[in-house]
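The values are calculated or read from the model by the stated rules, or taken from the named source; none is laboratory data. All values reported here derive from a predicted model rather than from experimental measurement. Note: ideal-geometry Cβ built from the backbone for every residue, glycine included; neighbour counts use all protein chains shown. Remember, those area values only see protein heavy atoms, side chains included, never the ligands or the DNA or RNA. Shrake-Rupley method; radii C 1.70, N 1.55, O 1.52, S 1.80 Å.
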Amino acid sequence: MKYSPAELSYLKESLKASPPIRPDARLETQLRPIEAISNILPTANGSARIRASDGGECIVGVKAKVVPTSSTSELINVDVEISGLKENNSLASTLSSIFQSTLNSSQSLRQRLKLTSRFSFKLFIDVLVLSNQSHPLGLVSLTIYLALLSTKLPLLTSSTDDSKAEEVPVFHDDWDQARPLCDIPVTQSDSSKKSDSHWTPPLILLMAVVGENIFIDPTNAEEQVASTGLFISWSNGSISAPLRTLDIGSTDPQGISSTVLSKAYSIVEQCGQEISDSLTAVYVQDEDASSSDF
Amino acid sequence: MNLDSTFLSVNISVSPFSTVDRKKRPRNDRRIQECAMSIQRTFQEAIMGHLHSRTEIVISLHVLAQDGGFFAACINATSLALIDAGVPMYDYVSACSTALYDSISPLLDPNNAEESDLPFLTVATIGKTEKVSMLLLESKVPLDRLESLIAVTISGCHSLRDQMDRQVRKHGHLRITKRSE
Amino acid sequence: MSVLQDRRRVLPPVDTIPLQFKEDEGSSGSKETTIARTRTIRPIFIKQSVVANASGSAYLEVEDIKLQCSVYGPKPIRGSFTQQADLLVEAKLPSLGQDASNDKSASIEKDITSFVQTSITPGIILTQYPKSCINIMITVISADLENRNFKSLLAAATNVASLALVDAGIALYDIVTSASVLLSRNENGESLYFDPETPRESEDIEGVLSFMTGQDESNIVGMWLDGENITSKNLTTLTESAKEAACQIRTLFNGVILQEFHDKEQEASNSK
């Protein structure tokens, strides 16, 4: 949607105001309503679909494959496809590379995918963006998070030590015995006493900076008047890599001050837990519903 | 391009996670292109194109999971989506596939494993008629069995048409009650 | 397959392993030099106007990183009217075929492109050039992507693009300079390095930030930090120190640009 200079200026002024006024009357730290469901694909190890209120929709499927650990340097492969755009489109490949490097840099995820001394699981995360009005980074991140939460890997029954004799891993036949990839943080009180092995997927939050104000989950109109886009990753209760600025199609890009940067930092610190908790709740609810079916 | 009618363009994208083994298919895969072409031709006949001349309808199909009956499912989904979009059509286009087991007995709606071992054909009909609007057969079938195979498939198509009609009516009812509230 | 075997030569046994030489003892010294040099940047070689048929160009060299950037435009575009210039950045890696697959180098190219684009766009007065486009081509002539710090390459790419823009005479708000920093964290505490050579280790935080150092406020135009558990204090330290390094680079650039300008002026007056 293209706006006239007058409309853009009006929008910019209201977003710059203190307190800012967003066109949809949201708080600065409030996400748009989403409709989320996990475990929708029977042929994938984990999957999720999220619909945004502006009509954006994203489907993620996670599949695992046993590979010899030495044959590959990257155990996670992320592939983003945006409906209506070419296959090697720059937006799609930027998104793929952001998520691929973020997930591959997680040591504990690599540890979790390790099967034996020779073999590991390799995860293929395929993202399909069916439609998007605003920048799809935030939507894709939420969907990947939910899909990874619902990912289950078959239980290994052969021995874990095959350093002496190579042995092809054998798995339990019963899918009910499969172990979840992530630890599900049940309640907030639980998250305080988490152990080192505790791991939940990283969550990348996209923000738009307008003047001194920061807006989480910007709409297309807000992106156009933003100084710059900014994304910060939140994982396991702390801020992690990557923290990056991103071109989100603003008409008048500008620099940001370091105070804005610290403000963005504290915003993510504030809402990271809340967002991940609500997605976890979605997953737990879906899981309960599917187990009561049988 | 025929300017007196509506132009249909069909895109099919098959997700890498749709099958048991992950496989990335290029978008210009020959088989998928062919499939899109057949769907376009089938629906060109089924819609009342003359009502909206010089227009285009874009149909995007995303295959998220598949286990046999790929082509038939694409046609049925397109049919329902066109109805949801309010595109005027003569009747439902319903499709179904049948495999031939042991060169004698027909198997309705084969899955992936059956499709890979047995010869099978896909038929689409418009409405509850015996009129075949599309027939796809890519393997060898004895000629004397063909007729019975087509007959079984058509009856499958008819029962699918009823199913679809029931769902569409249910959906329509839901939308009307929502509007009147 | 046996038909395709080379029968003209005597082949070695199937399980032969190619001869490998031991690492040279001297090569491990690079880490030590990193530690010796903390709050200074490596020496940079810069030259402007290296490509004759481009509107502006620059060459930059920092040890093994060799970059060339050319700017074409502003050129008029066909079609509809646009309020401001379209900026198009493109990065190219050497296609020497020796390392990694095409896929990987394509994704690195995209990373460079997106970082440079976000960094330099705020510096250009795009509204000066309605209905036109500016193309920026960055060619990576040499860079060790495996063992050297990628963030330093990103910083160098941004810097060379800035210089080329100045050379092209494109209207700028300010010259964008970019600097990479590495915060090393271990039991002994934290230590900070400017312009790191080696990639980060597990506990470290590395990053690259671009600044418009001429402005007092709102001067961060690009940022990319990597590392786990980044505290807000870390964030402040990294931004402050990157700004210091960027200022050092800016001082250097100012000198070079003024000198080049001076030389050109002299040349012009001589030819008269």
- Task: Determine the shielding of peptide C:116-122 by partner chains: average, over its residues, the number of Cβ atoms on other chains within 10 angstrom of each Cβ.
- Result: 5
- Which of the lysines could a cross-linker bridge to residue C:233, judged by Cα under 19 Å and excluding same-chain residues fewer than eight apart? A:263, C:243
- For the pair B and A, how large is the buried accessible area, both sides, in square angstrom to the nearest 100, if the probe is 1.4 Å? 1400 Å²
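Using a 10 Å cut-off on Cβ to Cβ distances, tally the other chain neighbours for every residue of A:263-275 and report the average as a whole number. Please report the intermediate quantities before stating the final value.
Numbers: counts 0, 1, 6, 1, 0, 0, 2, 0, 0, 0, 0, 0, 0.
Across A:263-275, the average partner-chain Cβ count within 10 Å equals 1.
Against the empirical 2.2 N^0.38 Å scaling, what ratio does the C-alpha Rg of the stretch A:157-291 come to? Let's see the in-between values first.
Numbers: Rg = 20.6 Å, N = 135, 2.2 N^0.38 = 14.2 Å.
Against the empirical 2.2 N^0.38 Å value, I get 1.45 for the stretch A:157-291.
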- Task: Give, to the nearest whole percent, the P(r) tail of the stretch C:160-272 beyond 21 angstrom, counting all Cα pairs.
- Result: 46 percent
- Message: Students often forget the sequence filter, so: which lysines lie under 16 Å Cα-Cα from residue C:75 once same-chain residues fewer than 8 apart are removed?
- Response: C:131
- Task: Treating cross-link reach as a plain straight distance, find the lysines whose alpha-carbon is under 27 Å from the alpha-carbon of residue C:272, omitting any fewer than eight places away in the same chain.
- Result: C:47, C:264
- Query: What area, in nm² and to one decimal, does the C-alpha convex hull of the stretch A:1-152 cast on average over all directions?
  - Reply: 11.2 nm²
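With solvent modelled as a 1.4 Å probe, how much accessible area in total do chains C and A shield from it at their shared surface, in Å² to the nearest 100? Before the final figure, lay out each step's value.
Values: alone 16110 and 14520 Å², together 28210 Å².
When C and A are taken together, about 2400 Å² of accessible area is lost.
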- Query: Pick from A:65, A:164, A:263: which is most flexible by mean-square fluctuation in a GNM of chain A where alpha carbon atoms under 10 Å apart are linked?
  - Reply: A:164
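Counting only heavy atoms of protein chains, what accessible area per residue, in Å², does the stretch C:38-271 have with a probe of 1.4 Å? Walk me through the numbers before you get to the answer.
Working: 10580 Å² over 234 residues.
On a per-residue basis, the stretch C:38-271 sits at 45 Å².
I'm checking a number: the convex hull volume of the Cα atoms of chain B, normalised per residue, in Å³. What is it? Walk me through the intermediate numbers first.
Details: hull volume 25.0 nm³, N = 181.
Enclosed volume per residue, from the Cα hull, is 138 Å³.
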- Query: How large is the charge dipole for the stretch A:233-294, taken about the Cα centre, if only the Cβ atoms of Lys, Arg (+1) and Asp, Glu (-1) carry charge, to the nearest 20 debye?
  - Reply: 480 debye
- Message: With a 10 Å cut-off between alpha carbons and a GNM built on chain B, which of B:113, B:81, B:46 moves the most?
- Response: B:113
- Step through the table entries B:131/B:170; C:110/C:151; A:63/A:152; A:152/C:104; A:2/B:178; A:86/C:66, compare each Cα-Cα distance with 21 Å, and write down the pairs that go over it. B:131/B:170; A:152/C:104; A:2/B:178; A:86/C:66
- Note on the structure: Share of accessible surface on carbon and sulfur in the protein assembly as shown, whole %, 1.4 Å probe and ligands ignored, is 52 percent
- Task: May I ask you to list the GluC sites (Glu not before Pro) in the stretch C:197-236 that are in a DSSP loop and have at most 16 other Cβ atoms within 10 Å of their Cβ?
- Result: C:201, C:203, C:217
- Message: From the C-alpha coordinates alone, can you work out the Kirkwood hydrodynamic radius of the stretch A:7-292, in Å?
- Response: 20.0 Å
- Computed magnitude of the charge dipole of the protein assembly as shown (debye, nearest 20; Cβ of K, R +1, Cβ of D, E -1): 1340 debye
- Item | Kyte-Doolittle mean at least 0.0 and Cα axial length at least 15 Å: DSSP H helices in chain C | C:150-167
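By Kyte-Doolittle mean hydropathy of at least -1.0 and Cα axial length of at least 30 Å, which whole DSSP H helices of chain B are selected? Mind showing how you got there, number by number?
Details: long enough: B:143-180 (56 Å, -0.62).
Counting only whole DSSP H runs, the qualifying helices are B:143-180.
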- Accessible area per residue in Å² at 1.4 Å probe, computed on the stretch B:22-181: 59 Å²
- Message: I need the phi-derived Karplus couplings for the stretch A:200-215: 6.51 cos²θ - 1.76 cosθ + 1.60, θ = phi - 60°, integer Hz, Gly and Pro marked x.
- Response: 10, x, x, 10, 9, 10, 9, 10, 10, 9, 10, x, 9, 9, 10, 10
- Message: Give me the tail of P(r) for the stretch C:38-271 as a percent: Cα-Cα pairs with distance above 32 Å.
- Response: 21 percent
- Interchain or long-range residues, amide H under 5 Å from residue A:48's placed H: A:39, A:40, A:60
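Starting from the Cα gyration tensor of the protein assembly as shown, multiply each eigenvalue by 5, take the square root, and state the resulting semi-axes largest first in whole Å.
Values: eigenvalues 496, 225, 167 Å².
Three semi-axes, in Å: 50, 34, 29.
Excluding ligands, DNA and RNA, what is the solvent-accessible area per residue of chain A at a probe of 1.4 Å, expressed in Å²? Display every interim value, and only then the final one.
Details: 12580 Å² over 294 residues.
With the other protein chains kept in place, chain A gives 43 Å² per residue.
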